[in-house]
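Structure first, then comments.
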Amino acid sequence: MPTSSSPVDAPIIIFSFTRPDYLRKLCESMKAQQGVSISDEQVHLLQDGSRSRRSGIVYGEPELIEASIATFREIFPRGHVHASPENLGIALNLHRGEKLAFDTLKAEVAYFFEEDLELGPCYLAMLEQLRRLLMPHKDIGYFAAYGDHLRASDPQAPKLVPMEHHWGFALTRRCWRAMQPWLKPFHEVYAQVDYQARPHLRIVELYDAKAVSSTASSQDVAKTMACADLGFARINTDVCYARYIGAQGESFKPANFEKLGFGSMAYVGSLPATLPAATPDIIAEIIATKRAACAAHRQTAYPAQLEEMRRHLFNPDRPVTREEIDWLWRLVMDRLPNDEAYYTQNVGQRTLRQIRRSLLRSKEAQGKGFYLA
């Protein structure tokens, strides 16, 4: 084990939105890392914006966004701020951070953090140890050291276990590049809508052409499925070297946070005497187990779950039918189209979302119901 500080040469990418208090805890804990050294210049803040260009909706208070940027600059004064002028949503903000790391900076591995993780004093040192241990294996995708707070573990003898959440993780360029064709349909959907209002059914239907599946529509799950299908390992330690603090956010609310035990999550403050075993057999088992579970879901649970979703959710981006045009016109315009040519031009040619948008933006609709006034 190294006893002196060794430099971390991987870029560190931090994603932030409107939680400057959480961001301060992350940045201060990162600044206080032991056993490694980082320079401000290698730390990048990917700050999402307030207002959506697509919908005009303000998702984040500008004052909190400014406070987040100020917090980062206070702690990393020579760090890089990449502030988006508009609200991208977590999927596209993460994607631009990944492109920065792998396309612009040409990193072979990069470390990514959202604002809601407080690092123990040896978190980066443990990531560096895992990097040296795992990078020789060509099928490593993600690795992290935030641990499993519900699993019994020995701080002096950590083990490698499957990674669940993408928190405080390392991602390899090899895996990221392999995932991009697989993820392209998902990114295309995320780019067309506000992430918070993403069309869940449309995204879940994308798994119909895959060997693996999920009925969740998040970018996190899509990447998990991509790794499972492509044969990349997502690895964590069983010992916790950080603690999750995101009681209030996109994924958690305080009651659920406490129910899942994160309120009492604690981290280990020192490196272990020995590193976890990372044999090819251990890594292969982690890969195979996850892929088998995701493939089994696609074959058994997915078809029925998809049909159930279709009973109460709709895909607004499929070609519109004549019946749906009539529904929309009755609801928005209080009448039906004037001539048959309208149906010929639109049925099967445009999507329900396109028809709905054009109607709501029309002067006649606004005059009738003050839509989008």
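The values are calculated or read from the model by the stated rules, or taken from the named source; none is laboratory data. Values in this document were obtained by computation on a predicted structure and should not be read as measured data. Every residue, glycine among them, receives a Cβ derived from its backbone with ideal geometry; neighbour counts consider all protein chains shown. These accessible areas exclude ligands, DNA and RNA; they are computed on the full protein's heavy atoms, side chains included. Shrake-Rupley method; radii C 1.70, N 1.55, O 1.52, S 1.80 Å.
Rounded to the nearest whole Å², what accessible area per residue is found for the range 268-373 with the 1.4 Å probe?
Accessible area per residue, the range 268-373: 63 Å².
Could you tell me what a quarter of the Cα convex hull surface of the range 227-373 works out to, in nm² with one decimal place?
Averaged projected area of the range 227-373's Cα convex hull equals 15.6 nm².
Can you flag which of Lys31/Lys259; Lys106/Lys138; Lys99/Lys138; Lys184/Lys210; Lys31/Lys184; Lys25/Lys259 are past 24 Å Cα-Cα?
Check vs 24 Å cut-off fails for Lys31/Lys259; Lys31/Lys184.
Where the accessible area of the range 108-216 is counted over protein heavy atoms with a 1.4 Å probe, how much of it, in %, is carbon and sulfur?
That share works out to 51 percent.
Can you list residues from other chains, or at least 5 along the same chain, whose modelled amide H is less than 5 Å from the amide H of Thr351?
Amide H neighbours of Thr351, under 5 Å, 5+ apart: Val320.
Give, rounded to the nearest 20 debye, the magnitude of the charge dipole that the chain has about its Cα centre when Lys and Arg contribute +1 at Cβ and Asp and Glu contribute -1 at Cβ. The partial results should precede the final answer.
Working: 45 positive and 44 negative charges, 155 e Å.
With Lys and Arg at +1 and Asp and Glu at -1, about 740 debye.
Taking springs between alpha-carbon atoms closer than 10 angstrom, which of Lys223, Lys106, Lys290 fluctuates most in the Gaussian network model of the chain?
Lys106
Given 10 Å bins starting at zero, what is the percent of C-alpha pairs of the range 66-170 in each, up to the one with the largest pair distance?
Pairs per bin, as whole percents: 11, 39, 35, 15, 1.
For the range 135-180 and the range 189-230, compute the distance between their C-alpha centroids and round to whole Å.
21
5 Å is the cut-off here: which amide hydrogens, built 1.01 Å from N in the peptide plane, fall below it relative to Glu114, excluding neighbours closer than 5 in sequence?
Those qualifying (amide H under 5 Å, at least 5 residues apart or on another chain) are Phe15, Gly168.
So what's the angle, to the nearest 10 degrees on a 0 to 90 scale, between helix 219-230 and the longest Cα principal axis of the chain?
Its long axis makes an angle of about 70 degrees.
Given springs between every Cα pair under 10 Å in a Gaussian network model of the chain, which of Met126, Met333, Met179 has the largest fluctuation?
Among Met126, Met333, Met179, the largest GNM mean-square fluctuation belongs to Met333.
Given the C-alpha centroids of the range 251-302 and the range 8-59, what is the distance between them in whole angstrom?
24
Leaving ligands, DNA and RNA out of it, work out the accessible area of Ile286 with a 1.4 Å probe and give it in Å² to the nearest 10.
For Ile286, the solvent-accessible surface is approximately 20 Å².
Considering only the other residues whose Cβ falls under 10 Å of the Cβ of Ser50, what net charge follows from Lys and Arg at +1 and Asp and Glu at -1? Please report the intermediate quantities before stating the final value.
Numbers: positive: Arg51; negative: Asp48, Glu61, Glu63, Glu66, Glu86.
Taking every other residue near Ser50 into account, the sum is -4.
Mind listing the phi-derived Karplus ³J(HN,Hα) values for the range 20-25, rounded to whole Hz, using 6.51, -1.76 and 1.60 with θ = phi - 60°, and x for any glycine or proline?
For the range 20-25, the Karplus-derived couplings read x, 5, 5, 4, 4, 4 Hz, x marking Gly and Pro.
Which cross-chain or sequence-distant (5 or more) residues have an amide H under 5 Å from the amide H of Asn236, H modelled 1.01 Å from N in plane?
Ala144, Val161, Met163
Take every DSSP beta bridge whose two residues both sit in the chain, then give the antiparallel share in percent to the nearest 5.
Close to 45 percent.
Pick from Glu115, Glu74, Glu128: which is most flexible by mean-square fluctuation in a GNM of the chain where alpha carbon atoms under 10 Å apart are linked?
Glu74
I need the fraction of alpha carbon pairs in the range 141-257 separated by more than 18 Å, rounded to a whole percent.
59
Given points 7 Å out from each Cα along the Cα-Cβ axis, report the Leu360 to Ala191 separation in nanometres with one decimal.
With each label placed 7 Å out from Cα toward Cβ, I get 2.3 nm.
Lys/Arg Cβ at +1, Asp/Glu Cβ at -1, dipole of the range 307-373 taken about the Cα centre: which of Gln349, Met333, Gly369 is farthest positive-ward?
Gly369
Whole-Hz Karplus ³J(HN,Hα) for the range 258-275, in order, using 6.51 cos²θ - 1.76 cosθ + 1.60 and θ = phi - 60°, x for Gly and Pro?
Along the range 258-275, the couplings run 5, 4, 7, x, 6, x, 9, 5, 10, 10, 7, x, 8, 6, x, 5, 9, 7 Hz.
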